[in-house]
Amino acid sequence: MIYKNRRDDLENQLNKGALWAVTYGDLMSYLMIFFLILFSFSITKTDKAKSRKYEESLVNIQKAFGGKMDNKQVERAKVQEQEEHVADKIKQSMENNQMSGMVQIESNEHRVKLVLTEAVLFDSGKADLKDKAKEILKPIAVELMKLPNDIWVEGHTDNVPMHKGRYATNWELSMSRAYSVIQFLEEIGMNPKKLAGIGYGENRPVAENTTMEGRAKNRRIEISLLKTE
């Protein structure tokens, strides 16, 4: 009985002495979260993809520690995850519809950009969408509508002056073409509040206008999904 009492006293003393470890463990956990936040902020401007990974980690850590979830932060993380895959989904959709060679897809930390040439969408000197163009744009729109992000539509032309037809300048033609695409996207259900259009005319070429191939590349429509900052 005396031995048991001594053993219990010893265990109690040891447990009391170990209480500091609980506080120390909590302190280390909070310090880890604090430095993870600082590190996330430090790389935001240099590597968006890594920053998003750290933001997802912070959400998971907050959830694990039983903290109150920030719904806006959670929703933002979901959107950013979808942004990372939207280019692949559009590419797959184009392949499924046997249209993979008609759309050029580019992606960086700021936007996912789809480039469609004039020949795919319009007749020369005109801004009315071809029937085939609508077939190409529809699966693209379906994927873009799944995200709340803003969409920019840009019209571009070559530098050959307009001598006849409905449009007096390349500016007018490029703006009308951008509007035609916006109008179609709205018609099939895209929220007009997400849409914006602009015409650059001949002023932002991607190739030399000295060859037929270069001018063909410059006559294009660019549809950009703006990524969450």
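Conditions (1) more than 15 Å from Glu222 (Cα to Cα); (2) in contact with a helix residue (DSSP H, G or I) (Cβ under 9 Å, 6 or more places away or on another chain), marked per residue:
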{"position": "Asn96", "(1), (2)": "yes, yes"}
{"position": "Met102", "(1), (2)": "no, yes"}
{"position": "Asp123", "(1), (2)": "yes, no"}
{"position": "Glu135", "(1), (2)": "yes, no"}
{"position": "Gly155", "(1), (2)": "no, yes"}
{"position": "Gly165", "(1), (2)": "yes, yes"}
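Considering (1) closer than 19 Å to Met99 by Cα; (2) free of Cβ contacts under 8 Å to residues at least 24 places away in the same chain, the lone condition that Leu185 does not fulfil carries the number (2).
In this structure, is Lys132 out of contact with any Lys or Arg (no Cβ under 9 Å at 6 or more places or on another chain) and modelled with pLDDT under 95? Yes, satisfied. The range 110-229 holds strands (runs of 3 or more DSSP E) entirely within its bounds, and those carrying 2 or more residues that are surrounded by fewer than 19 Cβ atoms within 10 Å (Cβ to Cβ) map to 111-117, 195-201.
Given the criteria over 19 Å from the mean Cα position of the chain (by Cα) and closer than 21 Å to Arg215 by Cβ, does Lys113 qualify?
Values: over 19 Å from the mean Cα position of the chain (by Cα): no; closer than 21 Å to Arg215 by Cβ: yes.
Against the criterion (over 19 Å from the mean Cα position of the chain (by Cα) and closer than 21 Å to Arg215 by Cβ), Lys113 does not qualify.
Tallying residues that are out of contact with any helix residue (DSSP H, G or I) (no Cβ under 9 Å at 6 or more places or on another chain) and closer than 24 Å to Val79 by Cβ within the range 188-221 yields 2.
The values are calculated or read from the model by the stated rules, or taken from the named source; none is laboratory data. It should be emphasised that the depicted structure is a prediction, and the values quoted were computed from it without experimental measurement. Quick reminder, even Gly has a Cβ in these numbers, built from the backbone with ideal geometry, and neighbours come from all protein chains shown.
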